Structures are given as C-alpha cells and as structure tokens.
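Participant: Here it is, the structure in full.
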Amino acid sequence: PLRPQNFAASRISWRSAAPHCLRRRHTSCVAAHDGKRIDASENAVLDDDAGEPEGGYDARQRLPKIHPTWQRRVNEIVRAKEGRSKAATLVAKLSSNNCLGFENAAASKGTLLQFVIDEKEKHPEKLLLVRVGDFYETYGVDALMLVEYAGLNPMGGKCRAGCPIANVQPTLDDLTAAGLTVAVYEEMGPAKERKLKERKLSQQVVSAASPTYLYERCLSPQPIDYSEPPPYVAVGCDASGGYALTQLYADSLTLHVHSRLSRHGLRALLERTPHAPPLLVSNARSLPPFLREREMRTLRAASAREFQQQAVAFVAEQLQVPVEKFTRLKQAQTGLRGSPRPVYVSTLAQIGLLPKENAGVPDLAQALLPSRSTAASVDFLRRWLSCPPRAAIADAMHNVCTQLIARTEPLPICPQLALGKLVRLISQRQANVHFFRDLRELCKAVNAALNRPDL
C-alpha cells in the first residue's frame, strides 16, 4: 500500500478548457489565463479569470461564499441560451449568505438546512444529495445543478430540487455524466423526541469513476447492474524524459503505472479508454497539444514520485477513503524483456481498433471474436492489441489458445465478474443473493477446470 507524505503544503491549481466528455456535453468550458488567486480554504491556486462572464451576471461577485467550481458553473448556466433555461431563472434566488447559496431563515442549530450548510463547508466541491424520507433533496447551488443537468423541476419555485428513491440512480448518472462528484447522505434511524433524524455520509461518494450507487443493494431481489467505470488518470514526466501515466480505479482501489511512454504511446493509452474528469497533470505546459483541450487539474510536485502520491491523495479525498486502501499493481518489466510500446493512434484507427475514429473500418476486435462474445472479452482483446503484453505473457496466451482450439469437449461455464464490482460490493457489504450465486458458479467452474487432468 502507498503511504504518501503530508500534502498539506501542496498546491493545486485549476485549468479548465473544453473537457474530455464521457457521455454528455455538460462540463466546465473555461480557458486558462495567467492571473491567479489563492483559495485559502482549499489551499489551491485558481485561475483568476476562469469563468469570466462576457457581461452582466458574475457569480464571483454575487455569490462570493460558494466555491469557485460552482461560480464557474453558475456563470455558464447564465450564459447558455441567454439565461432562459429553468436553471438560469433560479440563479437570482441564490443567497450570498453561505457556501450553499440557500437562504436559511431559521439558521438555528439542529435544523436540516444548518446540517447541509455545515456539510457543504466540509465538502465544498461536492454536490450534496440528502435523504429526506422517501426523497433525496438538494438545496441552493446544488439544486441548480440538479435542475440543469438532470432536468428536474425546482420545488416551489425555490432553489430546491430532488428525486424519489426509485430514480436516484438515473439522477446520479446525469450528474456524473456532467463531471460532478456527489456526496450522498443517508438517514441513520428514526427521529428521537422530535429531534432531527441523524444523517451520515454513505460509504460511497458517487463520481464518473464510481457511478453506480450501491447503498442497500444487498436487499435487492434483482441482479445488480454494473459496468466497468473509467479510471482517474494522472499524466506526468518521468526520469527517462518520457511520460508516465497512472490509472487509478475507484471501485477496485488499485492503480496501474505506465512509464517511459512516448507522445504517441501516451495518446494511444488515453484514446483506448476514457477517463473520469479531471485529468491530473504535473505541468500543463509540458503536455502534448492533444491534451490541452481537456478539463485538467495541476498538482504541483517536485518529483515524479511525489506527483504520483499527490494524485492518489486527490482521488482518495474525492472518494472519501483512506489513502492506504489503494494498492499499486505490479509494474510490467521494461527493456528487451518488457512490454512493447503501444501502437500509434493512426495505426489503431486504420486497422479498426479505434472504430469511432474511422467509421469506414470495421471493428477488428469484434470481427476476430464470435458474435456472442461479451463486451468484457471484446475490450480485453482490444486492450491487448492496442498495448501488447511482454513476450513471455503473449507466448503463454498463444499456447493456451492453441490447446483450446484443439479441444472438442466444452469448457465449464464460467460467469464473468468485474474486479471493481467484486471489491466494491464485498467491501461495502452490499452484495445480494444474485452476486453470491454468480460468485459461487465462478468458483465451481474454476475448481472443475483445475480438477480436470486434460486441462
């Protein structure tokens, strides 16, 4: 496990441009400028002119207590469609009295609104979704985001919005597709003696890197839908003069480091798999041009090792998990016995490994596999062809495939379980009967294969 040093003195800066969208159009689209100002609460260096409106409304002046992240978003909402959207009409109702942007007339201790304001001060960059009976509700600037990105209607014409329990996952999908990180608060029990119900941040913070909300899913009679989410990605320079790319997987709490990459190799890795925003970088000016159009955050570090530690600390803070929970996967060897360099992006597009880049070329991975192959199998083959493994692993896989082709008897049926799903459901104790049934079938198939002498 990684044990990084104290990062209290490290500085983080925003540089937001046209982002690398995962599914939707919603994210921050602001150009970087030279002027900077310091945000003491987050120990961050922020672009002074980021989100500067062309004229009229300026959230930095009207709403000085909300975090700059939300100031940018509010300015974008006002500018979009000339301020005629449902969300834009609510901007004038935001309050400048607190970090939530919601007018709390009864600011007495122990009220729900005061609880939400206190939690917003602890997590200023996260959208707070609070369980209230059979609904999840948001207030202030958070409700504005719900109206803008999830298409929900405000409650009573105020900066307040929510969704029923049954719709929480589709709502979270809309928010994470917009590049937002959501902290979900659950009720811990009934109110006692007319006091406020106790609420607590759930075990999972929902983001583009971990979009499936798993609270109380252990009681679900239905299978738990799960698709492998994109990782957070950190890009920096290594000692060899090349690039180092670190992929941090939120669900499995693992990280994989690719070092000594060329510019083409770096692009091939990033084009092959989308990543959760923002892109973490060590020095924005040293990045290749194709990266400068993505939403990014700069982590100031004196060395490549410190940059990697800061990237892990940033992701751990986003997910609200201890840094020590992350495990670094064994790095592949380098040199003559190491992995070959990734295939150039132009070659990938020409041979059909990037079908979205060249619509006239069929998908090579799907063409090589049977039509009934699962998405995980297609992705595995595409990954191996794009970034080939080292010779020893490739030879071993070739021998396995040769032996399997020669066989006439069927193999044991083996269901697929994604690593992230396995780790997330078990660690959070949210696995249901369908998950344990699939896990049992997987173990039975592996055991049967190991006990067959012909295999």
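The values are calculated or read from the model by the stated rules, or taken from the named source; none is laboratory data. These numbers come from a predicted model, not from an experiment. Cβ placement follows ideal geometry from the backbone for every residue including glycine, while neighbour counts extend to all protein chains displayed. SASA here: full protein model, heavy atoms, side chains in, ligands and nucleic acids out. Shrake-Rupley method; radii C 1.70, N 1.55, O 1.52, S 1.80 Å.
Participant: Looking at the range 233-251 only, could you name the residues that are closer than 19 Å to Leu422 by Cα and not in a loop (DSSP other than H, G, I, E, B)?
Facilitator: Gln247, Leu248, Tyr249
Participant: With respect to Arg260, is the statement that it is modelled with pLDDT under 80 and more than 19 Å from Leu354 (Cβ to Cβ) true?
Facilitator: The answer is yes for Arg260.
Participant: Is it the case that Tyr226 is in contact with a helix residue (DSSP H, G or I) (Cβ under 8 Å, 6 or more places away or on another chain), in a loop (DSSP other than H, G, I, E, B) and over 28 Å from Arg382 (Cα atoms)?
Facilitator: no
Participant: Follow-up question, since we're still on this one. Exactly one of (1) over 25 Å from Leu353 (Cβ atoms); (2) surrounded by 16 or more Cβ atoms within 10 Å (Cβ to Cβ); (3) free of Cβ contacts under 8 Å to residues at least 60 places away in the same chain is unmet by Asp251. Its number?
Facilitator: The failed condition is (3).
Participant: On to the next question. Would you confirm whether or not the range 131-153 contains a residue that is surrounded by 14 or more Cβ atoms within 10 Å (Cβ to Cβ), farther than 21 Å from Val205 by Cα and in contact (Cβ under 8 Å) with a residue 12 or more places away in the chain?
Facilitator: Checked the range 131-153: at least one residue is surrounded by 14 or more Cβ atoms within 10 Å (Cβ to Cβ), farther than 21 Å from Val205 by Cα and in contact (Cβ under 8 Å) with a residue 12 or more places away in the chain.
Participant: Continuing with the same structure: Applying the selection to the range 73-94, what residues are surrounded by 15 or more Cβ atoms within 10 Å (Cβ to Cβ), of a type in the set (S, T, N, Q) and at pLDDT below 90?
Facilitator: Ser85
To keep it simple, each residue is scored yes or no on (1) among the polar types (S, T, N, Q); (2) without any contact (Cβ under 8 Å) to a residue 60 or more places away in the chain; (3) out of contact with any Phe, Trp or Tyr (no Cβ under 7 Å at 6 or more places or on another chain).
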position	(1), (2), (3)
Lys356	no, yes, yes
Pro370	no, yes, yes
Ala376	no, no, yes
Pro388	no, yes, yes
Ala391	no, yes, yes
Asn399	yes, yes, yes
Pro415	no, yes, yes
Lys421	no, no, no
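Participant: For the range 300-321, name all the residues that are out of contact with any Ser or Thr (no Cβ under 9 Å at 6 or more places or on another chain) and surrounded by fewer than 22 Cβ atoms within 10 Å (Cβ to Cβ).
Facilitator: Passing the criteria: Ala302, Ser303, Arg305, Gln309, Phe314, Ala316, Glu317, Gln320, Val321.
Participant: Of Ser207, Ser202, which residue is at pLDDT 75 or above, in contact with a Ser or Thr (Cβ under 6 Å, 6 or more places away or on another chain) and polar (S, T, N, Q)?
Facilitator: Within the list Ser207, Ser202, the selection yields Ser207.
Participant: Take the range 402-455 and flag every residue that is within 26 Å of the chain's Cα centre (by Cα) and of a type in the set (Gly, Ala, Ser).
Facilitator: Ala418, Gly420, Ser427, Ala431
Participant: What pairs come up if the first residue lies in the range 279-299 and is under 18 Å from Gln247 (Cα atoms) and open to solvent by 10 Å² or more (accessible area, probe 1.4 Å), the second is at pLDDT 80 or above and assigned to a helix (DSSP H, G or I), and their beta carbons are under 7 Å apart, counting only those six or more places apart or on different chains?
Facilitator: Matching pairs, first to second residue: Ser282/Phe307.
Participant: Looking at the range 330-354 only, could you name the residues that are within 19 Å of Gln247 (Cα to Cα), open to solvent by 60 Å² or more (accessible area, probe 1.4 Å) and either among the aromatic types (Phe, Trp, Tyr) or modelled with pLDDT of 75 or more (or both)?
Facilitator: Of everything in the range 330-354, nothing turns out to be within 19 Å of Gln247 (Cα to Cα), open to solvent by 60 Å² or more (accessible area, probe 1.4 Å) and either among the aromatic types (Phe, Trp, Tyr) or modelled with pLDDT of 75 or more (or both).
Participant: Something else about it: Surrounded by 13 or more Cβ atoms within 10 Å (Cβ to Cβ), without any contact (Cβ under 8 Å) to a residue 12 or more places away in the chain, out of contact with any Phe, Trp or Tyr (no Cβ under 6 Å at 6 or more places or on another chain) and over 25 Å from Ile351 (Cα atoms): does that describe Ile426?
Facilitator: yes
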